[in-house]
Structures are given as C-alpha cells and as structure tokens.
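Asks: Attaching a single structure in structure tokens format; questions to follow.
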Amino acid sequence: MGFPLIDWYFGAPRRAYGLICLACVLMLAFGLYLQHVVGLEPCPMCIVQRYALVLVALFTGLAGVFRSRGLQVAGGVLALVSAIGGAYTAAAQSWLQWNPPEVVTCGRDLYGMIETFPLKRALPMIFRGGGDCSKVDWSLFGLTLANWSFIAFAVLAILLLVLVLRRPAAR
C-alpha cells in the first residue's frame, strides 16, 4: 500500500509539472508583493534568483503541456538545472548574510551594472553581489528570505529529480 498523495502526485507527471509551475508563479507573486507593497528592493542576487524561478516555471509549464515523455524529461532537466542555479545563488547570498564583508558598500543595481559594463564584466559583479546583498531586510521564523529561497529551490530540485528519474507507469 502506497501513500495516496505521493501516488497522486508522481503518478501523473503532467500534473506534477503543473503544480511545480504554479508553486513558482506563487513564489514570484510573493516576491513582487514584498517589492511593491512592503517596499523591499531586491538586490542583484535576488534578481538572479527570480530569473531562475521564472525559468523553472517556464520549463515545468512546458513539460506539463507536452504528452511526450522525452519532452517532459527535457523540460524537467532544464528546470532542474535552473533550480540548482537558483539554489546556488540563494546559498551564496545566505553565506554573504551570515558573513557580511568588512566594508559594506552599496552595490549597483542590476540594470545599472548591465547598462554600464559589458556583460562579461557585469555577470561576475551580479553574482558577487554588493553590500545590499548581505543586508537582512526580512525574516520569518529566524530564516532570511535568501534562506527560504534556498529551501524552496532545494525542494524544487528534489521534486524535479524524482520526476526526471521516475520510470513511466506501465499501461
């Protein structure tokens, strides 16, 4: 006897991909709420995490639309890579928050970096983050937004890995 909820989730991969896509859209909506209603300005690393979340939503949404197992796996793998990238960025930001730099400087915003510098120089600056990436503006249950972001990306990566590696149901 299996677990009905787990069987329901993993038994229909299109449904699972759709639910992951929905979860990503809800997390993006929460980030926009924090930005536009609460007034928290995202740092460059937050922006990169948003892009990773958009990619996970896009790839899982596409994987949920297709019936072909090959296209579902391809979408799942691309979403998994995006989730791992988001988790890496969130972990780097968490590390910055736990070990803030000695000299805190106000880093440039993402758009300012891209407009001012060539992409080859701007990308490392984005991932390095500025002083504002180490600032903790919001927390829940003692965990910062970057910590929660890492947890979310890790859970997404695990779910996606299981979906990608699962065997197709016998018909």
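The values are calculated or read from the model by the stated rules, or taken from the named source; none is laboratory data. What you see is a predicted model; the values in this text were computed from it and never measured. Note that we place each Cβ from the backbone using ideal geometry, even for glycine, and neighbour counts take in every protein chain shown.
Asks: Would the stretch 55-62 turn up any residue that is within 19 Å of residue 144 (Cα to Cα) and assigned to a helix (DSSP H, G or I)?
Replies: No, there is no match, as no residue in the stretch 55-62 is within 19 Å of residue 144 (Cα to Cα) and assigned to a helix (DSSP H, G or I).
Asks: Within the stretch 30-53, count every residue that is within 15 Å of residue 90 (Cα to Cα) and surrounded by fewer than 23 Cβ atoms within 10 Å (Cβ to Cβ).
Replies: The qualifying residues number 5.
Asks: Among residues belonging to the stretch 140-171 that are part of a strand (DSSP E or B) and farther than 18 Å from residue 47 by Cα, point out the one that is modelled with the highest pLDDT.
Replies: Of everything passing the filter in the stretch 140-171, 143 is modelled with the highest pLDDT.
Asks: OK, next. Are any residues in the stretch 142-161 of a type outside the set (Gly, Ala, Ser) and more than 18 Å from residue 58 (Cβ to Cβ), and if so, which ones?
Replies: 143, 144, 145, 147, 148, 150, 151, 155, 158, 161
Asks: May I ask you to list the residues in the stretch 76-94 that are within 15 Å of residue 148 (Cβ to Cβ) and surrounded by fewer than 17 Cβ atoms within 10 Å (Cβ to Cβ)?
Replies: 91
Asks: Looking at residue 10, is it part of a helix (DSSP H, G or I) and modelled with pLDDT of 90 or more? Lay out the reasoning, then the answer.
Replies: Details: part of a helix (DSSP H, G or I): yes; modelled with pLDDT of 90 or more: no.
Here the answer is no, as residue 10 does not meet what is asked.
Asks: Counting only residues that are within 15 Å of residue 47 (Cβ to Cβ), at pLDDT 70 or above and of a type in the set (Ser, Thr, Tyr), how many does the stretch 77-135 have?
Replies: 3
Asks: Something else: Could you check the stretch 67-98 and list, in sequence order, the residues that are more than 19 Å from residue 57 (Cα to Cα), in contact (Cβ under 8 Å) with a residue 12 or more places away in the chain and of a type outside the set (Gly, Ala, Ser)? Walk me through how you get there before you give the answer.
Replies: Residues of the stretch 67-98 more than 19 Å from residue 57 (Cα to Cα): 91-98.
Subsequent filtering for residues that are in contact (Cβ under 8 Å) with a residue 12 or more places away in the chain retains 91-94, 96-97.
93, 96, 97, listed by residue number.
Asks: Another question, then. If I go through the stretch 54-75 residue by residue, how many of them are buried (at least 17 other Cβ atoms within 10 Å of the Cβ) and not β-branched (Val, Ile, Thr)?
Replies: Number satisfying all stated conditions: 9.
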